[in-house]
Amino acid sequence: MSKHLSPAIRLSLVLLVLVSVIYPLVIAGVAKLAPGGGDGETVSINGKVVGYANLGQSFTEDRYFNSRPSAVDYNAAGSAGSNKGPSNPDYLKTVQARIDTFLVHNPGVRRADIPAELVTASGSGLDPHLSPAAAAIQVARIARVRKLPANRLTQLIGEHTEKPLLGLFGPETVNVLKLNVALDQLR
Amino acid sequence: MRFDLIGLTLFFTASMGLAILTGRYIGRVFRGNSTWLDWLGPLERQLYRLIGVDPNEPMTWQQYALALGTLNGVWLVYAFGMLLVQSVIPVWNQQQIPDMDWMLALNTAISFLTSTNLQHYSGESGVTYFSQMGVLMFLQFASAATSLSVGVAVVRSLQPHTSRNVGNLYQDLVLSITRVFMPLSLIGAIALVLTGVPMTFSSYSVIETMEGVSQTIASGPVAAMLPIKHLGSNGGGFFGANTAHPLENPNAFSYLINLLNVLLLPMAFICFVGDFLNRRKLAVILFTIMTGYFLALTIPIVTEELRGNPAIQSLGISQASGSLEGKEMRFGTLASAVWCGVNVVIPAGTLTGMHDSFTPLSGLFMLLGMQLDAFYGGVGSGFLYMFLYLIIAMFIGSLMIGRTPELLGKKVGIPEMQIASVILVALPLLYLGATGLAVAIHNGHPDVGWLSNPGYHGFTTMLYEFVSSAAGNGSGFEGLGDNTPFWNLSTAVVMLLGRFIPLIGPLAIGGLLLQKQYVPPTVGVLPAESWTFGLLLAAVIIISGALSIFPAATLGPIAEYLTQYHF
């Protein structure tokens, strides 16, 4: 054992310098050249940062496209999912309550048309996206509150729908923050 | 959906192609042939001088194991100590994050040392940037190099010549870092930075959202940690939500890079085995078995998730996109389920969707995949499990037809068989015993408050935690209140045993086989390089491995499934 102790300690020190100091500093240097400078892309209105493009934030007011429920209330310093099991009775009551709330705020919507993502929490609690369907089902409400024509909102969703990568990977999505920024700019 | 399937098929085909190339490259590295990184030679010689070792000094398997044990001991002491005092380390300490208590520190140190990455802390609030880079990522590199080195040493000892020398540990470790993990991590990290993954040492920023709420944004040197987390089959993410976090995995492009990093080296290692031993057919047979079982476990997870949660269905809403609790919209159900399948058979064990919220039957396939641990498996370690199954299958097969068991020209004797069978019995005993203990404690003190989900699902939660610990997977049903003395200490023990028993055992078997005389193949032996034997091997894996978890799985995911659908 003692024969191996000295090389073990020395190897650890060498490795520490290599992988924990040099390597991250090199990557941080490269990141300075990348878009966002390694800090993540922000979204601003009139020069004021209102959010990060890749991070969801809570939208619950009727005048905005609402984001998905979040187990951590969009706490970007404490990401987590609900971790509720599929048969947990308390969880199912929570989902039922979300459905009821949604129907109150969106009269005229059929229960069978509510997409599951609008009443289930994401894995990170910070999901920045909705499906185009989950945005479309909120159009009537927003049109009423904002006194805007519904087809203008539908068009806005279309403009903000992100296509799958190469047409092959992932579903179509709408970034809720960017959509709502654009919504505020509609006149 | 149809396009997703085409995309994923193309992606897996491309991964296999890259794995073949990488496998050949690893073969050249460990045979000492020239590669495009030979300009690193002077640097490596400098490293050996600094370490104070001769990289060509032969080692027996015992010396190799002892040197490895010493190194891992040093790493454990270092990591444990640093996590205890992380708040006073003056550099890279962004948010006044407190020290870990000793049980959490011990669990975390062992968890990263063993390549498990169970993570009973939360990345945003539990560790400093220094701990992320200097302790956790350090261990991710170190443990990955350990797995690869032992894997290479075992493959080396399957060569036909007779020797006691399984190779030099220090050389294997240094080459693993400089020639494999470091170059691939650099490429991966730079690609991820370009997709928008942060790499910064600034403290968290605070913004006011459009609805006027204050939101604190945790960030950090994320891009550096991600490649080695996946390449080394580690799985410890920067943030609490792991690879589901939009800053770790912002889009489909980052998803593909991350998934490729998970798959590449475990697949490449099998190609390396065929290349290094010049036994291509053996590699093809092993690769086919692994791919077959990988698909057999992943496809049901995908179909179950796409079908949706029947309890949600009964609330009368649309589940057209599948079961979405705990999943992210940018990946959707299909890609989240595929990710889950890959990460249970390969013990990176990272999450893009929360396994706790997957439908009941998916949990069964997760448990099976984790526990067998050989369908590609971890880098290096996946082959070690497969090697144990090989020994058992060869012994059983040869006895059935009345021949002497031989593997690649070396007689398989009683000691080799004993080691292999003890390991394959010990591991289920370990996680089943520990689960039994947990259930006994929980039932004695129902107010202990571990479980956020009642009933069968609660049982699965505890079983999953121990299976994941024993297999070095590190994913979890995160509804478990796991930062408690019982879970921190019990999983620490299970992780240590679950790591080092299946690491040292195959090394010993390899060392014993290497000392034996090579016997040229005759008609009197069962050849390992035949599809008949491959079929037997596949049967032995499923019979010996799957049966050990089935009774427990009946009480967990199967019972939950049956009650959801039929009662």
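The values are calculated or read from the model by the stated rules, or taken from the named source; none is laboratory data. On a predicted model such as this, the values are computed, not experimentally measured, just so you know. Methodologically, a virtual Cβ is constructed for each residue, glycine included, from the backbone with ideal geometry; neighbour enumeration extends over all protein chains shown. Accessible surface areas use protein heavy atoms only, side chains included; no ligands, DNA or RNA. Shrake-Rupley method; radii C 1.70, N 1.55, O 1.52, S 1.80 Å.
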Discussion item. With the requirement that a residue be hydroxyl-bearing (S, T, Y) and at the interface with chain A (Cβ under 10 Å from one of its Cβ atoms), what does region B:189-216 give you?
Written reply: B:T195, B:T200, B:S202, B:Y204, B:S205, B:T209, B:T216
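Is region B:448-459 home to any residue that is surrounded by fewer than 16 Cβ atoms within 10 Å (Cβ to Cβ) and assigned to a helix (DSSP H, G or I)?
Residues of region B:448-459 that are surrounded by fewer than 16 Cβ atoms within 10 Å (Cβ to Cβ), as a first pass: B:448-449, B:454.
With the extra rule that they be assigned to a helix (DSSP H, G or I), the set shrinks to B:448.
The answer is yes; a qualifying residue exists.
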Practice prompt. State the number of residues belonging to region B:355-380 that are open to solvent by 10 Å² or more (accessible area, probe 1.4 Å) and within 14 Å of chain A (Cβ to nearest Cβ).
Written response: 2
Worksheet item: So which residues in region A:156-174 are outside any loop (DSSP other than H, G, I, E, B) and within 9 Å of another protein chain (Cβ to nearest Cβ), if there are any at all?
Response: A:E162, A:L165, A:F169, A:T173, A:V174
Worksheet item: So, in region B:140-188, of the ones that are open to solvent by 10 Å² or more (accessible area, probe 1.4 Å) and among the charged types (D, E, K, R), which residue ends up nearest to the other protein chains (Cβ to nearest Cβ)?
Response: B:R179
Fill in: Residue match in region B:250-262 (condition: away from every other protein chain (no Cβ under 14 Å), closer than 30 Å to B:N33 by Cα and at pLDDT 95 or above)
yes
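Going through B:T298, B:T243, B:T291, B:T303 one at a time, which residue ends up being among the hydroxyl-bearing types (S, T, Y), more than 14 Å from chain A (Cβ to nearest Cβ) and either open to solvent by less than 20 Å² (accessible area, probe 1.4 Å) or in contact with a Pro (Cβ under 8 Å, 6 or more places away or on another chain) (or both)? It would help to see each step written out before you state the result.
Working: B:T243 fails: more than 14 Å from chain A (Cβ to nearest Cβ); B:T291 fails: either open to solvent by less than 20 Å² (accessible area, probe 1.4 Å) or in contact with a Pro (Cβ under 8 Å, 6 or more places away or on another chain) (or both); B:T303 fails: either open to solvent by less than 20 Å² (accessible area, probe 1.4 Å) or in contact with a Pro (Cβ under 8 Å, 6 or more places away or on another chain) (or both).
Answer to the selection: B:T298.
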Practice prompt. Scan region A:19-32 and give yes if some residue there is polar (S, T, N, Q), out of contact with any Ser or Thr (no Cβ under 7 Å at 6 or more places or on another chain), part of a helix (DSSP H, G or I) and farther than 10 Å from B:M199 by Cβ, otherwise no.
Written response: yes
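Between B:V150, B:V197, which is modelled with pLDDT of 95 or more, out of contact with any strand residue (DSSP E or B) (no Cβ under 7 Å at 6 or more places or on another chain) and among the aliphatic types (A, V, I, L, M)? Write out each step before concluding.
On the way: B:V197 fails: modelled with pLDDT of 95 or more.
Checking each option against the conditions leaves just B:V150.
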Worksheet item: Which of the residues belonging to region A:43-61 are open to solvent by 20 Å² or more (accessible area, probe 1.4 Å), more than 13 Å from B:E211 (Cβ to Cβ) and at the interface with chain B (Cβ under 7 Å from one of its Cβ atoms)?
Response: A:V49, A:Y52, A:N54
Practice prompt. Tell me which of these B:T484 doesn't satisfy, since it passes every other one: (1) over 22 Å from B:G353 (Cα atoms); (2) open to solvent by less than 10 Å² (accessible area, probe 1.4 Å).
Written response: (2)
Worksheet item: Could you list, in sequence order, the residues of region B:1-30 that are loosely packed, with under 12 Cβ neighbours inside 10 Å and of a type in the set (D, E, K, R)?
Response: B:R2
Fill in: Residue satisfying condition, being among the hydrophobic types (A, V, I, L, M, F, W, C) and surrounded by 22 or more Cβ atoms within 10 Å (Cβ to Cβ), within set B:V493, B:V467, B:V540
B:V467
Item to complete: All but one of (1) crowded, with 18+ Cβ neighbours inside 10 Å; (2) touching an Asp or Glu at 6+ places or on another chain (Cβ under 7 Å); (3) small (G, A, S); (4) more than 7 Å from chain B (Cβ to nearest Cβ) hold for A:A71, so report the exception by its number.
Response: (2)
Practice prompt. Quickly run through region A:5-25 and pick out the residues that are more than 7 Å from chain B (Cβ to nearest Cβ) and among the β-branched types (V, I, T).
Written response: A:V17, A:V21, A:I22
Practice prompt. Name, by its number, the condition in (1) buried (at least 16 other Cβ atoms within 10 Å of the Cβ); (2) within 14 Å of chain A (Cβ to nearest Cβ); (3) aliphatic (A, V, I, L, M) that does not hold for B:L513.
Written response: (2)
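Any residue that is assigned to a loop (DSSP other than H, G, I, E, B) and open to solvent by less than 20 Å² (accessible area, probe 1.4 Å) - is there at least one of those in region B:381-399?
Step one: of region B:381-399, the residues assigned to a loop (DSSP other than H, G, I, E, B) are none.
Among the residues of region B:381-399, not one is assigned to a loop (DSSP other than H, G, I, E, B) and open to solvent by less than 20 Å² (accessible area, probe 1.4 Å), which makes the answer no.
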Practice prompt. Could you list all residues from region B:31-57 that are open to solvent by 20 Å² or more (accessible area, probe 1.4 Å) and of a type in the set (D, E)?
Written response: B:D38, B:D54, B:E57
Worksheet, complete the sentence: Sole miss for B:F375 among (1) of a type in the set (F, W, Y); (2) at pLDDT 95 or above; (3) assigned to a loop (DSSP other than H, G, I, E, B) is condition (2)
Worksheet entry | Selected residue (criterion: most open to solvent (accessible area, probe 1.4 Å)) from residues of region A:132-141 that are away from chain B (no Cβ under 14 Å) and assigned to a helix (DSSP H, G or I) | A:A140
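Mind telling me which of the residues B:T532, B:T554, B:T522 ends up being without any contact (Cβ under 8 Å) to a residue 60 or more places away in the chain, of a type in the set (S, T, N, Q) and outside any helix (DSSP H, G or I)?
After applying the criteria, what remains is B:T522.
Tell me yes or no: at least one residue of region B:58-66 is more than 30 Å from B:L513 (Cβ to Cβ) and open to solvent by 60 Å² or more (accessible area, probe 1.4 Å). Full working, then the answer.
Within region B:58-66, the first condition is being more than 30 Å from B:L513 (Cβ to Cβ), and the residues that meet it are none.
No, that holds for no residue.
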Worksheet item: Only one residue in A:G29, A:G40, A:G36 is at the interface with chain B (Cβ under 7 Å from one of its Cβ atoms), open to solvent by 30 Å² or more (accessible area, probe 1.4 Å) and farther than 27 Å from A:A150 by Cα, so which one is that?
Response: A:G36
Practice prompt. State all residues of region B:428-474 that are within 11 Å of B:S490 (Cβ to Cβ) and of a type in the set (F, W, Y); if no residue qualifies, say none.
Written response: B:Y431, B:F466
Discussion item. I need a count of the residues in region B:199-249 that are in contact with a Lys or Arg (Cβ under 9 Å, 6 or more places away or on another chain), in contact (Cβ under 8 Å) with a residue 60 or more places away in the chain and over 21 Å from A:I27 (Cα atoms).
Written reply: 1
Fill in: Test for B:F80: is it in a helix (DSSP H, G or I), facing chain A (nearest Cβ under 10 Å) and modelled with pLDDT of 95 or more
no
Worksheet entry | Scope region A:77-119; condition in a loop (DSSP other than H, G, I, E, B) and either open to solvent by 70 Å² or more (accessible area, probe 1.4 Å) or more than 7 Å from chain B (Cβ to nearest Cβ) (or both); matching residues | A:N106, A:P107, A:G108, A:V109, A:R110
